[in-house]
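Written out below as structure tokens is the structure these notes cover.
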Amino acid sequence: MSVHAERLTKTFGATRALDSVSIEVESGSLVALLGPSGSGKTTLLRVLAGLEFADPASGPILFDGEDVARLSVRERRVGFVFQHYALFKHLSVFENVAFGLRARPRRTRPPRAEIRRRVGELLERVQLQDLGERLPSQLSGGQRQRVALARALAIEPRVLLLDEPFGALDAQVRTELRRWLVRLHEDLHFTSLFVTHDQAEAMEVADRVAILEQGRVAQVGTPEEIYYAPATEFVASFLGEANRFQGAMDATHVAFGPWRMPIPEDAPRGAGPVRVYLRPQDVEVERPEASSPASTPARIVRLHAAGPAVRLELALSDGTPLWVEISQRRQAALALREGARVGVHPRAWRTYR
Amino acid sequence: MLPGFGLTLGCTVTYLSLILLLPLAALCAQAASLTWAQFVETLAEPRVLAALRLSLGASALAAAIDCVFGSIVAWTLVRYDFPGRRLADALVDLPFALPTAVSGIALTAVYAPNGWIGSLLAPLGWQVAFRPAGIVLALAFIGLPFVVRTLQPAIADLERGLEEAAASLGASRTRTLVAVVAPGLLPALLTGFALAFARAVGEYGSVVFISGNMPLETEIAALLVVTKLEQYDYAGASAIAVAMLVLSFAALILVHAAQRLASRRAGSAVR
Amino acid sequence: MSAQGSQRPSQSPIAEPAWVRRLLVGLTLVFLSLVVFVPLAAVFAEAFRKGPGAWWRAISDGETLSAVRLTLFVTASAVPLNVAFGLVAAWALGKFRFRGRGLLVALVDLPLSISPVVAGLVFVLLFGARGWFGPALREHGIQVIFATPGLVIATVFVTFPYVARELISHLEEQRTDAEQAALSLGATGWTTFWRVTLPSCKWALLYGVILCNARAMGEFGAVSVVSGHVRGETNTLPLQVEILYNEYDFVAAFAAASLLALLALVTLLAKTLLEAHEARTAARGSGSSGGAGRSPTAKELR
């Protein structure tokens with residue numbers, strides 16, 4: 001099931017939560033809607049679900065070409081997983097999952113035995129086959145989230161929508177459940193969108209990531225594209241860390257900090273002031289004596305060696321701080337210490353006007 | 001540790017003993033001056049039995065009516081915005097704030113056969129005042145705030161996500177209300193019923209004017225206590241009083257138990 | 001408009017169709033009108049049926065005026081007693097945790113579940129001519145039942161929970177940090193109470209006093225049993241309403257009732273203002289929430 005929505009606008013009073021958002025989701029893909037709070041990601045999800053209706057001037061919402069924009073949430077057949085699970089407290093796990101099937105009009109309601117079989121299958125799929133008679137209050141957070149997922153899948157949704165699906169869980173359960181969701185998605189190949197404010201989660205789980213900023217889609221792409229080729233300054237500053245410089249560009253070079261670097265072939269050109277984003281991973285660190293012509297001297301102020309990468313806080317010769325990240329191996333080869341001198345130069349950077 | 005515990009606790013216990021426990025002890029002692037057989041005989045007297053039955057039945061019916069209309073009132077006050085909502089919200093407290101004697105004569109004036117509303121009902125052959133219906137009306141009036149004020153916070157606390165989840169699973173609005181919303185409100189509704197019922201069983205002021213006070217027909221238990229007292233039948237009055245206390249405490253205890261059961265089911269992590 | 005509200009895409013999926021909403025709002029307004037508003041209006045309509053002059057003559061009648069005076073006296077005696085008890089009980093039950101505390105809190109609430117008639121009866125059993133203490137007191141020339149002291153005691157009985165429960169629940173919610181700090185700075189327990197605790201619960205206290213006052217002035221069943229209905233002497237205003245009504249002097253009865261209804265309206269207004277005040281304070285994020293604040297629960301009404 002592919003999803004295609006155009007020019008969705010949603011205003012609440014004076015605030016514009018969505019500002020002419022268009023989005024395209026291929027059948028079977030897992031898309032993350034990522035953005036800071038108030039960027040409209042949850043509103044977009046709710047509009048796609050039919051829990052909110054977009055303003056009348058908005059474009060269509062197509063599920064496999066069928067416009068569902070005027071259908072109510074009941075008729076859209078979307079699976080929605082709520083941030084706080086929204087399980088029915090007074091119903092057993094089994095009855096929670098069976099709710100959608102039992103709620104169907106008599107004509108299309110499956111017979112009892114069939115409901116029993118399908119719910120059993122789903123509970124097995126989410127590894128809760130033995131807990132069917134429990135009440136939600138007797139489950140752990142991770143188990144509840146899986147019940148919520150099974151309940152949403154029970155209606156054989158055309159699209160699965162998840163609102164901050166792991167937001168309420170603690171870190172370890174979160175990681176487990178993330179991997180589990182990816183595996184489930186690989187098995188079942190439903191089309192799904194999920195909202196998150198956690199970049200790592202979006203990058204790890206999703207095939208594609210849509211970054212939202214103030215009710216607009218800033219960029220859509222694979223995690224790699226988004227990370228290494230942020231389309232806008234907002235995306236560059238929102239994802240990961242970057243050293244920021246005020247720079248100036250002329251026909252051939254861009255000057256920022258202590259450097260004057262040639263503009264790469266494929267980069268935008270044009271003279272004038274620019275802002276330059278330099279990721280910590282994109283800085284080359286060398287011994288001062290072996291430094292290349294582009295290198296500029298720097299001093300290691302602090303060195304954090306815990307974790308997979310070594311993080312360096314450097315001071316350039318004019319005192320400007322510079323964050324750098326290098327591999328453990330590189331650190332070992334260079335034998336860096338706090339207070340030591342090094343040469344640094346940028347390998348890659350991005351400029352924005 | 002803060003000072004003053006012994007002093008204030010001592011004063012509290014003394015005050016409670018003098019104002020509350022001593023009088024109640026007098027009541028129990030008076031009732032206990034009857035043998036069990038005499039006690040039962042007093043309550044089984046046709047006039048007493050009729051009064052207790054009327055108080056019990058009218059209170060239950062009034063509390064049930066309050067549950068029906070109280071649910072509607074509480075729902076609209078919490079969920080909808082309409083002109084006059086704040087005024088309506090304030091009006092709900094009036095039965096509590098209005099002295100019961102005033103409520104009594106006001107309801108009687110309005111629902112008597114020549115009253116504003118009574119005169120409209122009379123041609124239909126419906127008489128409210130001076131009939132059991134009038135008693136139920138007065139008790140429903142008195143009990144309304146209990147049901148509404150118990151339900152309002154419960155409705156406000158309902159998790160919207162539950163209703164949205166039911167809708168996203170394809171349930172109709174009616175089914176959502178019946179299968180998802182109603183079970184969530186049931187404990188509050190039960191509490192409201194019990195509070196309204198317990199209040200109604202002992203109610204006196206708002207009822208005596210509208211009830212007509214015909215022995216065996218429209219005489220409530222509280223009135224009979226007063227009557228017995230005026231006849232210096234202290235033991236009889238005490239026996240009826242004890243029966244009334246038992247009825248209203250039983251209602252409160254039952255509901256308390258039901259609530260504990262419900263909250264155990266819903267568990268501690270009810271988010 | 002139409003009954004097809006559910007089809008309109010602008011509607012929230014968790015709202016009832018427009019026609020249902022209109023129906024329910026209509027039912028609410030009709031029910032509240034018939035059961036609550038119309039009777040209230042009737043009080044004033046009946047009171048002024050023969051014009052303001054008749055109303056004024058009715059309430060300036062000697063017996064009615066003495067009933068007003070008696071009501072004010074009883075209230076002015078009962079409310080301060082209950083405020084004192086409320087403060088003391090709130091300190092013991094709100095600031096400390098000990099075995100049996102739950103029982104004491106339940107006892108404080110108990111009068112709310114007791115029929116007012118029974119509340120009167122118990123004092124007749126204690127102080128009546130044939131009661132436990134009646135004869136002994138009579139020998140000393142003290143009459144309680146069918147006299148003012150009985151009215152005060154019965155009123156105290158039915159109204160003492162109002163102040164106490166407000167303060168107890170208010171102090172329960174508060175931590176004792178402020179008091180501990182004051183004590184560590186060398187304040188005496190007494191100073192701490194006056195300068196720290198009391199100011200922090202003044203709104204809850206006021207709320208409790210308003211409810212207590214309304215109930216004290218309007219109490220009917222309990223005082224009816226202990227009053228003896230001596231005209232001009234032991235009739236409080238609600239009892240005077242009853243007597244006038246039973247004598248078919250409707251204008252006078254409703255005139256007296258209109259004073260009590262006015263009291264109820266002032267009480268509701270004060271309560272609404274206090275709740276609005278508390279809602280504003282809560283919205284400002286000041287942590288001190290109290291009885292006065294939360295939308296009232298039914299328990300507080302009893």
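List of remarks:
- Note on the protein assembly as shown: dipole from Cβ charges, positive end direction compared against B:Ala37, A:Val78, B:Ala138; the farthest Cα belongs to A:Val78.
- Whole-angstrom gap from segment B:3-31 to segment A:219-237, using each part's C-alpha centre: 74 Å
- Note on segment C:113-180: with charges restricted to the Cβ of Lys and Arg (+1) and Asp and Glu (-1), its dipole about the Cα centre is near 500 debye.
- Shown for segment B:10-25: residues covered by the partner protein chains by 30 Å² or more of accessible area relative to the chain by itself (probe radius 1.4 Å), namely B:Thr12, B:Tyr15, B:Leu16, B:Ile19, B:Leu20, B:Leu22, B:Pro23, B:Leu24.
- Leading residue at positive end of dipole, the protein assembly as shown (Cβ point charges), from C:Thr75, A:Val195, B:Leu61: A:Val195
- If R0 is 41 Å, the Cβ-Cβ spacing of B:Thr174 and A:Thr175 corresponds to a FRET efficiency of close to 0.50.
- Cross-link partners for C:Lys202 among the lysines, with Cα-Cα distance under 28 Å and sequence neighbours closer than 8 places in the same chain left out: C:Lys95, C:Lys271, C:Lys299.
- Candidates A:Gln219, A:Phe238, A:Ala206 compared by Cα position along the dipole of segment A:98-239: farthest toward the positive end lies A:Ala206, with charges placed on Cβ.
- Counting only other chain Cβ atoms within 10 Å of each residue's Cβ, the peptide B:44-54 averages 0.
- Taking 28 Å as the straight-line reach from the Cα of A:Lys41, the lysines in range (excluding those fewer than 8 positions away in the same chain) are A:Lys10, A:Lys89.
- Segments B:247-255, C:252-260 sorted - mean Cβ within 10 Å per residue, highest first: C:252-260, B:247-255
- Size of the B/A contact, given as accessible area buried on both chains, probe 1.4 Å, in Å²: 2100 Å²
- With both labels modelled 7 Å from their Cα along Cα-to-Cβ, the A:Glu26 to A:Leu316 distance reads 4.1 nm.
- Taking the Cα centre of the protein assembly as shown as reference, the dipole from Cβ charges on Lys and Arg (+1) and Asp and Glu (-1) amounts to some 600 debye.
- Accessible surface of B:Trp116 - all protein chains present, 1.4 Å probe, nearest 10 Å²: 120 Å²
- The mean sequence separation of alpha-carbon pairs under 8 Å and at least six residues apart, normalised by the residue count of chain C, gives a relative contact order of 26 percent.
- The residues of segment A:241-352 expose on average 53 square angstrom of accessible surface per residue, using a 1.4 Å probe on protein heavy atoms.
- Fraction in percent of alpha-carbon pairs per bin - 10 Å, segment C:51-287: 7, 26, 29, 21, 12, 4, 0
- Given R0 = 35 Å, the distance between the Cβ atoms of C:Ala178 and B:Leu18 translates into a calculated FRET efficiency of 0.60.
- Accessible surface, per residue, of chain B when the full set of protein chains is kept, probe 1.4 Å, Å²: 40 Å²
- Averaged over the residues of peptide B:108-114, the number of Cβ atoms from other protein chains lying within 10 Å of each residue's Cβ is 4.
- The C-B contact accounts for approximately 8000 Å² of buried accessible area, totalled over both chains at a 1.4 Å probe radius.
- With the simple spin-label model, which puts each label point 7 Å out from Cα in the Cβ direction, the C:Asn246 to A:Ser37 separation comes to 6.5 nm.
- Over segment A:1-154, relative contact order from alpha-carbon pairs under 8 Å, at least 6 apart, %: 21 percent
- Per-residue mean of foreign Cβ neighbours for C:217-228 is 4 (Cβ atoms of other chains, 10 Å radius).
- This model, with +1 at the C-beta of Lys and Arg and -1 at the C-beta of Asp and Glu, gives segment B:24-270 a dipole about its Cα centre of some 540 debye.
- Stretching B:Phe5 away from B:Thr35 to a fully extended chain increases their span by 6.5 nm, per 0.36 nm per residue minus the current alpha-carbon distance.
- Percent accessible area from carbon and sulfur atoms, the protein assembly as shown, protein chains only, probe 1.4 Å: 59 percent
- Normalised by the number of residues in chain B, the average gap of Cα pairs under 8 Å and 6 or more apart makes the relative contact order 28 percent.
- Taking every DSSP helix (H) stretch of at least 4 residues in the protein assembly as shown, weighting each as -39,500 (n - 2.57) and dividing the sum by the residue count yields a mean residue ellipticity at 222 nm of -17000 deg cm²/dmol.
- Direction-averaged projected area, Cα convex hull, segment C:102-167: 5.1 nm², rounded to one decimal.
The values are calculated or read from the model by the stated rules, or taken from the named source; none is laboratory data. Computed from a predicted structure; not experimentally measured. Virtual Cβ from ideal backbone geometry, glycine too; neighbours counted across all protein chains shown. Each accessible area value is taken on the protein alone, full model and side chains, heavy atoms only, with ligands, DNA and RNA left out. Shrake-Rupley method; radii C 1.70, N 1.55, O 1.52, S 1.80 Å.
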